[in-house]
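The values are calculated or read from the model by the stated rules, or taken from the named source; none is laboratory data. None of these values were measured; they are calculated from a predicted model. Cβ atoms come from the backbone with ideal geometry, glycine included; neighbour counts cover every protein chain shown. Each accessible area value is taken on the protein alone, full model and side chains, heavy atoms only, with ligands, DNA and RNA left out. Shrake-Rupley method; radii C 1.70, N 1.55, O 1.52, S 1.80 Å.
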Amino acid sequence: QGKGDMSKKQDANALKKNKIQILREHLQDHEDGETSNIISVPVVDISAAAGYGYFNADTIHVEGNVILPKAMFSGNGLRYCVRIKGHSMTPTLQDSDFVIVRYLQPTEWMDMKDERVYMVVTKDGTSFIKRVKNRLSKGFIVLTSDNVEKSEYPNFNLQTDEIHNIFYAEWHFSAKMQNINETYYDRMKILEDDVD
């Protein structure tokens with residue numbers, strides 16, 4: 001049984017490596033054909049959880065590309081367009097929105113700025129999209145949600161040895177036009193009613 005478990009872990013690690021390799025090759029193919037003013041970002045079937053974590057399938061498919069002016073981005077690096085799942089980042093990010101994320105080299109992790117939005121992938125393949133407090137000097141990061149319902153979406157820590165990859169969220173695309181002001185005033189009215 002021990003050998004079987006080890007074999008499964010090795011297969012899982014190989015699949016993860018294959019996923020990254022496939023995405024890198026796909027991105028390289030598109031970069032080769034780009035003009036100096038355009039960048040092509042692959043839309044991949046990876047979901048980042050704005051909630052309790054989303055475990056993606058073992059195979060990743062490129063579903064298309066987002067073509068954008070290169071001037072919209074700073075710096076180079078692997079970029080992917082991923083879908084948001086869940087409500088923990090409401091009202092900033094809505095369920096089913098898309099976010100363009102840029103891969104950070106492990107050497108960049110220490111320079112992550114507090115309170116920015118990142119996609120964090122753990123070593124078991126679970127991905128989260130959250131605001132991050134960088135406490136790597138103490139061996140961990142703090143993942144926080146924008147949703148005010150903290151009882152449902154509490155902050156939590158990830159130790160450095162639990163982190164597989166970190167991606168910086170650069171752009172956000174949404175088909176939902178939520179009235180944030182209305183939501184805010186509705187909450188104020190509920191609070192006032194509770195006080196009364």
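Of all residues in region 125-148, exactly one satisfies the criterion of being modelled with pLDDT under 90 and farther than 18 Å from residue 103 by Cα, namely 148.
Filtering region 69-94 to residues that are at positive phi and open to solvent by 60 Å² or more (accessible area, probe 1.4 Å) leaves nothing.
Among the residues of region 123-146, which ones are charged (D, E, K, R), open to solvent by 10 Å² or more (accessible area, probe 1.4 Å) and part of a strand (DSSP E or B)? Don't jump to the end; show me each part of the working.
Taking region 123-146 and keeping what is charged (D, E, K, R), we get 123-124, 130-131, 133, 135, 138, 146.
Restricting the remaining residues to those that are open to solvent by 10 Å² or more (accessible area, probe 1.4 Å) gives 123-124, 131, 133, 135, 138, 146.
131, 133, 135, listed by residue number.
For residue 105, work out the one condition from (1) under 21 Å from residue 164 (Cα atoms); (2) modelled with pLDDT under 90; (3) open to solvent by 80 Å² or more (accessible area, probe 1.4 Å); (4) not hydrophobic (A, V, I, L, M, F, W, C) it doesn't fulfil. Of everything listed in (1) under 21 Å from residue 164 (Cα atoms); (2) modelled with pLDDT under 90; (3) open to solvent by 80 Å² or more (accessible area, probe 1.4 Å); (4) not hydrophobic (A, V, I, L, M, F, W, C), residue 105 misses just condition (2). Report yes if residue 172 is in contact with an Asp or Glu (Cβ under 7 Å, 6 or more places away or on another chain), open to solvent by 30 Å² or more (accessible area, probe 1.4 Å) and not acidic (Asp, Glu), otherwise no. Answer is yes for this residue.
Counting only residues that are in a loop (DSSP other than H, G, I, E, B), under 13 Å from the mean Cα position of the chain (by Cα) and not hydrophobic (A, V, I, L, M, F, W, C), which one in region 54-93 is modelled with the lowest pLDDT?
Step one: filter region 54-93 for residues in a loop (DSSP other than H, G, I, E, B), giving 56-61, 73-78, 86-93.
Still in the running and under 13 Å from the mean Cα position of the chain (by Cα): 56, 86, 88-89, 93.
Narrowing the set further to residues that are not hydrophobic (A, V, I, L, M, F, W, C) leaves 56, 86, 88.
Numbers: 56: 52, 86: 89, 88: 91.
Among them, the one singled out is 56.
A single entry from 119, 177, 110 fulfils the requirement of being in a loop (DSSP other than H, G, I, E, B) and of a type in the set (A, V, I, L, M): 177.
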